[in-house]
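Participant: To start, I am sharing the structure in question, which I have written as structure tokens.
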Amino acid sequence: MGNVQTGYMGIANISTLLGSTIDVRCTDFNINAQQNATFYDHVIGLNDTISAGPDTKGEVPGTIQTQKKYWRPSPIVIQGGMSFLATYPVLSGSGVGSEMNFQTLFDYAKYGNYFDLDFKYFCGGGRLFTDCRVNNFSLSVMAADIVNITVDIMAKDMVDSDTVVTKTASQKLVTWDKVELSLSGDLGGISDTNNLQGFDFSINNNIQAIHTASPIAVTNKLLPSDLRIGMQEVTGTLYIYKKQGPDFLSPLTSDATMDLTIGTFTTPIYAIIEPRQIAGAVGPIILNVPFAGIDKAFGV
């Protein structure tokens with residue numbers, strides 16, 4: 001009888017700016033090379049007849065013409081998402097760390113730095129993704145729930161990684177009671193943050209994979225030579241119980257400041273509070289109040 005092997009492990013080992021690494025236990029991971037066979041299609045269908053003279057082509061059922069004859073591999077884009085639950089504290093080899101498990105990826109999304117990511121799909125097998133950048137970072141939490149993180153990542157290259165990783169240290173999930181959000185400035189009518197039922201925000205870096213004729217130091221010419229970050233967009237939503245939030249934006253609308261604290265993680269969010277979205281439904285009134293980040297949305 002064969003031995004039963006460990007299946008999906010869901011451990012992402014991420015390099016930090018300080019040269020160390022941090023491990024993230026994922027609930028979902030789907031970063032892959034996106035590539036397909038690209039064909040140069042002719043106009044001869046499967047049952048078409050080919051005329052040697054000026055006549056137009058006909059069709060004879062049962063006649064088989066050559067199909068999909070000329071092809072080429074498309075450029076490669078390595079991209080996909082990973083999801084995980086926020087944990088605190090992060091337990092490392094020598095003791096308890098003070099950094100939340102999502103802090104590193106948030107910083108990469110905020111500043112646009114490159115990093116490497118080694119992920120284990122199953123016992124003894126995985127992939128190492130090199131020169132990664134965060135395309136999208138999303139954080140969401142609702143009252144009485146757990147903080148959820150979703151990250152979209154793009155990479156320049158990847159190779160198979162067979163190093164076995166075993167993690168046994170316990171981690172504590174971050175729940176709503178560890179989350180604090182204080183608001184100030186022009187809040188558009190929001191008067192009581194005690195009525196806040198939840199919130200989310202998303203960082204979109206609008207990354208574009210750049211392919212060139214001869215990428216430097218790239219052996220596979222189909223891989224991108226650069227991952228170019230576009231204009232960063234920050235959006236989010238406040239979920240508020242009771243009737244609060246602006247109906248319209250006015251010429252006098254100014255910015256608001258949201259100071260977010262999750263355990264040891266803190267950041268300001270500079271934003272404009274946008275008009276509330278009201279839906280008629282049976283049950284409690286939970287308003288969606290969107291906001292849009294402005295300037296350096298998370299500060300310097």
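Participant: Would you mention how many residues in the stretch 227-258 are modelled with pLDDT under 95, among the polar types (S, T, N, Q) and closer than 18 Å to Leu196 by Cβ?
Facilitator: 1
Participant: For the condition of a type in the set (A, V, I, L, M, F, W, C) and not in a strand (DSSP E or B), what is the one hit in Ala292, Ala297, Ala271?
Facilitator: Within the list Ala292, Ala297, Ala271, the selection yields Ala297.
Participant: Take the stretch 119-144 and flag every residue that is over 9 Å from the mean Cα position of the chain (by Cα), of a type in the set (A, V, I, L, M) and in a strand (DSSP E or B).
Facilitator: Those that are over 9 Å from the mean Cα position of the chain (by Cα), of a type in the set (A, V, I, L, M) and in a strand (DSSP E or B): Leu128, Leu139, Val141, Met142.
Participant: Can you tell me which residue in the stretch 13-36 is surrounded by the most Cβ atoms within 10 Å (Cβ to Cβ), limited to those that are touching a residue at least 60 places away in the same chain (Cβ under 8 Å) and among the aliphatic types (A, V, I, L, M)?
Facilitator: The qualifying residue surrounded by the most Cβ atoms within 10 Å (Cβ to Cβ) is Val24.
Participant: Turning to a different aspect of this structure: Scan (1) surrounded by 16 or more Cβ atoms within 10 Å (Cβ to Cβ); (2) within 25 Å of the chain's Cα centre (by Cα) for the single condition Pro246 breaks and write down its number.
Facilitator: Looking at each condition in turn, Pro246 falls short on (2).
Participant: Sort out for me the strands (runs of 3 or more DSSP E) sitting completely within the stretch 5-60 that have 2 or more residues that are under 29 Å from Ile149 (Cβ atoms).
Facilitator: The qualifying strands (runs of 3 or more DSSP E) are 11-15, 21-34.
Participant: Does the stretch 267-285 hold any residues that are polar (S, T, N, Q) and either over 17 Å from Gly198 (Cα atoms) or touching a residue at least 24 places away in the same chain (Cβ under 8 Å) (or both), and which are they?
Facilitator: The one that is polar (S, T, N, Q) and either over 17 Å from Gly198 (Cα atoms) or touching a residue at least 24 places away in the same chain (Cβ under 8 Å) (or both): Thr267.
Participant: Looking only at strands (runs of 3 or more DSSP E) that lie completely in the stretch 145-217, which have at least 2 residues being closer than 23 Å to Ile240 by Cβ, in contact (Cβ under 8 Å) with a residue 24 or more places away in the chain and not aliphatic (A, V, I, L, M)?
Facilitator: 148-161, 179-185, 196-204
Participant: Filtering the stretch 249-266 down to residues that are touching a residue at least 12 places away in the same chain (Cβ under 8 Å) and among the aliphatic types (A, V, I, L, M), which residue is farthest from Ser182 (Cα to Cα)?
Facilitator: Narrowing the stretch 249-266 to residues touching a residue at least 12 places away in the same chain (Cβ under 8 Å): 249, 253-265.
From the residues that got through so far, the ones that are among the aliphatic types (A, V, I, L, M) too are 249, 256, 258, 260, 262.
Details: Leu249: 21, Ala256: 11, Met258: 6, Leu260: 7, Ile262: 12 Å.
Looking at the filtered set, the residue picked out is Leu249.
Participant: Kindly indicate which of Ile190, Ile210 is farther than 30 Å from Asp259 by Cβ and of a type in the set (Val, Ile, Thr).
Facilitator: Exactly one of Ile190, Ile210 is farther than 30 Å from Asp259 by Cβ and of a type in the set (Val, Ile, Thr), namely Ile210.
Participant: I would also like to ask the following. Residues in the stretch 250-268 that are part of a strand (DSSP E or B) and in contact with a Phe, Trp or Tyr (Cβ under 9 Å, 6 or more places away or on another chain): how many?
Facilitator: So in the stretch 250-268, the residues part of a strand (DSSP E or B) come out as 256-262, 265-268.
Adding the requirement that they be in contact with a Phe, Trp or Tyr (Cβ under 9 Å, 6 or more places away or on another chain) leaves 256-258, 260, 262, 265, 267-268.
Residues that pass the stated criteria total 8.
Participant: Can we say Ile149 is under 23 Å from Phe102 (Cβ atoms), surrounded by 18 or more Cβ atoms within 10 Å (Cβ to Cβ) and among the β-branched types (Val, Ile, Thr)?
Facilitator: Spelling it out, Ile149 is indeed under 23 Å from Phe102 (Cβ atoms), surrounded by 18 or more Cβ atoms within 10 Å (Cβ to Cβ) and among the β-branched types (Val, Ile, Thr).
Participant: Taking into account only those residues within the stretch 259-300 that are charged (D, E, K, R) and under 15 Å from Ile240 (Cβ atoms), which is modelled with the lowest pLDDT?
Facilitator: Step by step, filter the stretch 259-300, then rank; the result is Arg276.
Participant: Starting from residues that are outside any loop (DSSP other than H, G, I, E, B) and over 24 Å from the mean Cα position of the chain (by Cα), keep the ones in the stretch 274-289 and report whichever is farthest from Ser250 (Cα to Cα).
Facilitator: Ile286
Participant: Let me ask something additional. For Ala86, all conditions in the list (1) modelled with pLDDT under 90; (2) closer than 30 Å to Tyr121 by Cα hold save one; what is the number of the exception?
Facilitator: (1)
Participant: Based on what the data block shows, is Ala209 closer than 30 Å to Asp131 by Cβ and surrounded by fewer than 16 Cβ atoms within 10 Å (Cβ to Cβ)?
Facilitator: Answer is no for this residue.
Participant: If you don't mind, another one. Given the conditions (1) outside any loop (DSSP other than H, G, I, E, B); (2) in contact (Cβ under 8 Å) with a residue 40 or more places away in the chain, and given that Gln244 satisfies all but one, which numbered condition is not satisfied?
Facilitator: All conditions are met except number (1).
Participant: Can you report the number of residues in the stretch 252-292 which are closer than 26 Å to Thr87 by Cβ and either touching a strand residue (DSSP E or B) at 6+ places or on another chain (Cβ under 9 Å) or of a type in the set (Asp, Glu) (or both)?
Facilitator: 10
Participant: Please determine whether any residue of the stretch 90-100 is modelled with pLDDT of 95 or more and surrounded by fewer than 17 Cβ atoms within 10 Å (Cβ to Cβ). Walk me through it before giving the result.
Facilitator: Just the residues of the stretch 90-100 that are modelled with pLDDT of 95 or more, to begin with: none.
No, because not a single residue in the stretch 90-100 is modelled with pLDDT of 95 or more and surrounded by fewer than 17 Cβ atoms within 10 Å (Cβ to Cβ).
The values are calculated or read from the model by the stated rules, or taken from the named source; none is laboratory data. No experiment lies behind these values; they were computed from the predicted model shown. No Cβ is skipped: glycine too gets one built from the backbone with ideal geometry, and neighbour counts run over all protein chains shown.
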